[in-house]
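Engineer: Please see the structure below; I have some questions.
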Number of protein chains: 2
Amino acid sequence: MPRAGLTPQTVVREAAVLADEVGHDRLTLAALAARLGVALPSLYKHVKGIDALYQKLSALATAEVAAELTRAAAGRAGGDALRAVAAAFRSYARRHPGRYPATQRAPDPADPEHLAAGEQAVGAIYAILRGYGLSGDAAVDATRMFRAAVHGFIALEAAGGFGLPRDVDRSFDQLVAGLDTAYRNWRS
Amino acid sequence: MPRAGLTPQTVVREAAVLADEVGHDRLTLAALAARLGVALPSLYKHVKGIDALYQKLSALATAEVAAELTRAAAGRAGGDALRAVAAAFRSYARRHPGRYPATQRAPDPADPEHLAAGEQAVGAIYAILRGYGLSGDAAVDATRMFRAAVHGFIALEAAGGFGLPRDVDRSFDQLVAGLDTAYRNWRS
DNA sequence: CCGTAAAGCTAATACTATTAGCTTTACGGG
DNA sequence: CCCGTAAAGCTAATAGTATTAGCTTTACGG
């Protein structure tokens, strides 16, 4: 029997694929091991346990989100940048329903790459707000508002929390428009 | 041995207390049964299973939230009402960290009380927006923005997603102020 | 006061993660 | 070329989760 040749990286990457397929909460070591053609306990040679796996998945997803937000913001400013980054955020969450929730887990302070990815993602938003003349505490507050509004919308949408027939895409556009007017008329 | 005398209601209420103590995700039938002084399978005489328990917990928490939002809105209008209801929302989430996440689960269409509680909670927000001159589709979008922003803030706060030292209470005040200006300058 | 329905129990099944300890593979140095 | 060793895989065992089946006992109403 040839060896599977796993590494921590391949395990985490396959976990990400699996999570997107079956959902973040139904990601299980048993299913992951089966997917990788290996017995369940063998995974422990590459990952400390399921909690550590979630943490690494969080780092992976955060890095991906940061990259996409940065790319969406490139070459844009003001309301254009705001709309593009918000859309990229929601797009990632919809394309990766298993990875996205992992993003919410706070980084392990001992994982510099994870911390850096988080800072890059926040930085992409922060940069947009400079275009609105916001900096210092105001920019921090405005960044938190952006993250709260966009993440909250994604979470409610995923949970089926929008019962009424009103089109959800249009509500999202209105949300981003609302952020734009809030930022243009910010009073600290 | 006297009988414990459980009912579906007492089981769900104790589940709510337990969830607030140990966290929503660590609510377990074993711990609940121990708390109620009963063997684990006995719970199945009152609740269909853990999923149904979560659903009933969601109905309970939604009704409580709706009551508190309605109470906070009473006798207020405009920005005052907005601030009071947002504060009540966040206050409930912080006082009931186990119940609150259950709120996110969509109501079972076959549970009229749950549906009514959800509508009451949304109605409390909707009513405030009439004070801003918003109705129809605009009110739906604005309600979704309110829920998204406030829930998102609560979720990020609970997850430890706000790393910077900037005071979180003040950021929340700024979020609500931002909603106020967005609503005052709404363009549909 | 006794029959019955419900409320509780024990036992068993099928999952989950985790640890211990063994076997085997692959690879690098003599 | 071979062989020693570290890592990669395995099986077995433990402890926790939910769930179902089927039995016993309690409480209550006719």
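Engineer: Would a scan of segment A:55-62 turn up a residue that is within 25 Å of A:Gly131 (Cβ to Cβ) and either under 22 Å from the mean Cα position of the chain (by Cα) or β-branched (Val, Ile, Thr) (or both)?
Structural biologist: Within segment A:55-62, the subset within 25 Å of A:Gly131 (Cβ to Cβ) is A:62.
Still in the list and also either under 22 Å from the mean Cα position of the chain (by Cα) or β-branched (Val, Ile, Thr) (or both): A:62.
So far as segment A:55-62 goes, yes, one or more of its residues are within 25 Å of A:Gly131 (Cβ to Cβ) and either under 22 Å from the mean Cα position of the chain (by Cα) or β-branched (Val, Ile, Thr) (or both).
Engineer: Moving on. With the checklist (1) surrounded by fewer than 18 Cβ atoms within 10 Å (Cβ to Cβ); (2) closer than 21 Å to B:Ala93 by Cα; (3) aliphatic (A, V, I, L, M) in hand, flag the one item B:Ala59 doesn't pass.
Structural biologist: Of the numbered conditions (1) surrounded by fewer than 18 Cβ atoms within 10 Å (Cβ to Cβ); (2) closer than 21 Å to B:Ala93 by Cα; (3) aliphatic (A, V, I, L, M), the odd one out for B:Ala59 is (1).
Engineer: Here is a further query. Answer yes or no as to whether B:Leu115 is assigned to a loop (DSSP other than H, G, I, E, B), within 13 Å of chain A (Cβ to nearest Cβ) and of a type in the set (A, V, I, L, M).
Structural biologist: Numbers: assigned to a loop (DSSP other than H, G, I, E, B): no; within 13 Å of chain A (Cβ to nearest Cβ): yes; of a type in the set (A, V, I, L, M): yes.
When the stated conditions are applied, B:Leu115 does not pass them.
Engineer: Quick check on my filter: what residues within segment B:7-28 are within 12 Å of DNA strand D (Cβ to nearest atom), open to solvent by 20 Å² or more (accessible area, probe 1.4 Å) and away from every other protein chain (no Cβ under 14 Å)?
Structural biologist: Of everything in segment B:7-28, those that are within 12 Å of DNA strand D (Cβ to nearest atom), open to solvent by 20 Å² or more (accessible area, probe 1.4 Å) and away from every other protein chain (no Cβ under 14 Å) turn out to be B:Val22, B:Thr28.
Engineer: Still on this structure: Taking the condition more than 16 Å from DNA strand C (Cβ to nearest atom), crowded, with 19+ Cβ neighbours inside 10 Å, away from chain A (no Cβ under 14 Å) and not β-branched (Val, Ile, Thr), does B:Ala72 pass? Full working, then the answer.
Structural biologist: Numbers: more than 16 Å from DNA strand C (Cβ to nearest atom): yes; crowded, with 19+ Cβ neighbours inside 10 Å: yes; away from chain A (no Cβ under 14 Å): yes; not β-branched (Val, Ile, Thr): yes.
Against the criterion (more than 16 Å from DNA strand C (Cβ to nearest atom), crowded, with 19+ Cβ neighbours inside 10 Å, away from chain A (no Cβ under 14 Å) and not β-branched (Val, Ile, Thr)), B:Ala72 qualifies.
Engineer: Examine segment B:75-85 for a residue that is open to solvent by 20 Å² or more (accessible area, probe 1.4 Å), of a type in the set (A, V, I, L, M) and within 16 Å of DNA strand D (Cβ to nearest atom), and state whether such a residue exists.
Structural biologist: No, that holds for no residue.
Engineer: Related question: Please work out which one of (1) within 13 Å of another protein chain (Cβ to nearest Cβ); (2) under 15 Å from the mean Cα position of the chain (by Cα); (3) open to solvent by 10 Å² or more (accessible area, probe 1.4 Å) is the condition B:Arg184 fails and give its number.
Structural biologist: (2)
Engineer: Given the options B:Ala63, B:Ala4, B:Ala59, B:Ala110, name the one that is away from chain A (no Cβ under 14 Å), away from DNA strand D (no atom under 16 Å from the Cβ) and not in a helix (DSSP H, G or I).
Structural biologist: On the way: B:Ala63 fails: not in a helix (DSSP H, G or I); B:Ala4 fails: away from DNA strand D (no atom under 16 Å from the Cβ); B:Ala59 fails: not in a helix (DSSP H, G or I).
Within the list B:Ala63, B:Ala4, B:Ala59, B:Ala110, the selection yields B:Ala110.
Every residue, every condition in (1) hydroxyl-bearing (Ser, Thr, Tyr); (2) surrounded by 23 or more Cβ atoms within 10 Å (Cβ to Cβ); (3) in a helix (DSSP H, G or I), yes or no:
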| residue | (1), (2), (3) |
| --- | --- |
| B:Ile125 | no, yes, yes |
| B:Ile128 | no, yes, yes |
| B:Tyr132 | yes, no, no |
| B:Asp137 | no, no, yes |
| B:Val140 | no, no, yes |
| B:Ala148 | no, yes, yes |
| B:Ala155 | no, no, yes |
| B:Phe162 | no, no, no |
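Engineer: Turning to a different aspect of this structure: Is at least one residue of segment A:36-55 within 14 Å of chain B (Cβ to nearest Cβ), closer than 22 Å to A:Glu113 by Cα, near DNA strand C (Cβ under 8 Å from one of its atoms) and part of a helix (DSSP H, G or I)? Outline the logic, then answer.
Structural biologist: If we filter segment A:36-55 for residues that are within 14 Å of chain B (Cβ to nearest Cβ), which is where we start, we get A:50-51, A:54-55.
Then drop every residue that is not closer than 22 Å to A:Glu113 by Cα, which leaves A:50-51, A:54-55.
Filter once more, so that each one left must be near DNA strand C (Cβ under 8 Å from one of its atoms): A:50-51.
Remaining after also requiring part of a helix (DSSP H, G or I): A:50-51.
Within segment A:36-55, one or more residues are within 14 Å of chain B (Cβ to nearest Cβ), closer than 22 Å to A:Glu113 by Cα, near DNA strand C (Cβ under 8 Å from one of its atoms) and part of a helix (DSSP H, G or I).
Engineer: Follow-up question, since we're still on this one. Please tell me if B:Gly79 is within 14 Å of another protein chain (Cβ to nearest Cβ), away from DNA strand C (no atom under 16 Å from the Cβ) and farther than 25 Å from B:Asp111 by Cα. So that I can check it myself, show each step before the final result.
Structural biologist: Numbers: within 14 Å of another protein chain (Cβ to nearest Cβ): yes; away from DNA strand C (no atom under 16 Å from the Cβ): yes; farther than 25 Å from B:Asp111 by Cα: yes.
Yes; evaluated as a whole, the condition is true for this residue.
Engineer: Another one. Identify the residue in segment B:7-35 that is in a loop (DSSP other than H, G, I, E, B) and touching a residue at least 40 places away in the same chain (Cβ under 8 Å) and, among all such residues, is farthest from B:Arg99 (Cα to Cα).
Structural biologist: From segment B:7-35, those in a loop (DSSP other than H, G, I, E, B) are B:7, B:23, B:27-28; that's our starting set.
From what's left, touching a residue at least 40 places away in the same chain (Cβ under 8 Å): B:23, B:27.
Values: B:Gly23: 9, B:Leu27: 10 Å.
Looking at the filtered set, the residue picked out is B:Leu27.
Engineer: Can you name every residue in segment A:164-173 that is buried (at least 21 other Cβ atoms within 10 Å of the Cβ) and within 7 Å of another protein chain (Cβ to nearest Cβ)? Break it down into steps so the answer makes sense when it comes.
Structural biologist: Taking segment A:164-173 and keeping what is buried (at least 21 other Cβ atoms within 10 Å of the Cβ), we get A:171-172.
Hit for segment A:164-173 is A:Ser171, nothing else.
The values are calculated or read from the model by the stated rules, or taken from the named source; none is laboratory data. All figures in this text were calculated on a predicted structure; none of them were measured in a lab. Using ideal geometry, Cβ is built from the backbone for each residue, glycine included, and neighbour counts are taken over all protein chains shown. With ligands, DNA and RNA removed, areas are computed over all heavy atoms of the protein, side chains included. Shrake-Rupley method; radii C 1.70, N 1.55, O 1.52, S 1.80 Å.
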